[in-house]
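Worksheet: the structure to be examined is printed underneath.
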Amino acid sequence: MASLGEVGDVLRQVLDKIDQSIAAHHEASELASQARQILNVTGTGSNHSDVEQVCAWLTRVVEGISEPEGQISTLATIADEIRSYLRRNGITGEEPPHPPSPSVSERVDTLRSQLPAPVQSGSGQKTHGRWFTSVGEEARSVVSGEDADSAVVWRVLQETQFPEKGPPITITHVETKLAVRMRRENVRHATVVINYTPCRMKWGCDNLLPVLLPTGCTLTVYGPNYRKTFTGGKRPPWQR
């Protein structure tokens, strides 16, 4: 019979494969979106039904990967459940001796090197992030876009009598989605490294993160030439 340590080793291997799969799914979704945009432009004015058919296929690819019920959301949910199981059962496994944990700045530099190139404003590229709760903890991935977490962000904002009729684009951002994940998993303090500078728009991080984060919780955001720590539990600016 396998020991808990052996089970933990296998589950961590599964998590590695899931992370690789999520990254591959994101890449496939972005490539399909780019291909669809190119076809839409080059096929303008064309009556070729095959162009429309291919665009429809690409749309199905994107939706099947990225929608709330798509593959990325499903894989991320499974990964979260596995991590929760490992934490609940205290499965850490036998680890070889290792050097002292790096400083936060060293960890941030390492994670930044693992991210895609910085997103160009207006390019439509997704923002990628890697986050952790302590320097020695394994970093986890988070990506911008519509999914189950972005839906929760909008629901939380609605509960605070958000003044706009529709959701702001920022509900799909890495930082806001991570804030509601911290609420769900009871994470008190976290750090995230992203490949895009947080937005300065009206309903951007400065206004939304202090509302989305629970009281006393903090989220430190590192972007290109950017660092800021947000503290939760603040009264929404639209209620002041």
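The values are calculated or read from the model by the stated rules, or taken from the named source; none is laboratory data. The shown structure was predicted, so the numbers you read here are calculated from the model rather than taken from an experiment. Cβ coordinates were reconstructed from backbone atoms using ideal geometry, including for glycine residues, and neighbour counts include every protein chain displayed.
Determine which member of the set R183, R227 is touching a Pro at 6+ places or on another chain (Cβ under 6 Å) and not small (G, A, S).
Details: R227 fails: touching a Pro at 6+ places or on another chain (Cβ under 6 Å).
The match here is R183.
Could you check segment 108-144 and list, in sequence order, the residues that are acidic (D, E) and either surrounded by 18 or more Cβ atoms within 10 Å (Cβ to Cβ) or modelled with pLDDT of 90 or more (or both)?
Correct list: D109 only.
Looking only at segment 202-229, filter to residues that are under 19 Å from T127 (Cα atoms) and touching a helix residue (DSSP H, G or I) at 6+ places or on another chain (Cβ under 7 Å); which one of those is surrounded by the fewest Cβ atoms within 10 Å (Cβ to Cβ)?
Filtering first and then ranking leaves G204.
When the residues of segment 157-179 are filtered to those that are out of contact with any helix residue (DSSP H, G or I) (no Cβ under 6 Å at 6 or more places or on another chain) and of a type in the set (A, V, I, L, M, F, W, C), which remaining residue is surrounded by the most Cβ atoms within 10 Å (Cβ to Cβ)?
Per the stated criteria, the residue is V174.
For segment 218-231, state whether one or more residues are in a loop (DSSP other than H, G, I, E, B), in contact with a Cys (Cβ under 8 Å, 6 or more places away or on another chain) and not polar (S, T, N, Q).
no
Would you mention how many residues in segment 150-172 are over 11 Å from L212 (Cβ atoms) and in contact with a Cys (Cβ under 9 Å, 6 or more places away or on another chain)?
So the count comes out to 1.
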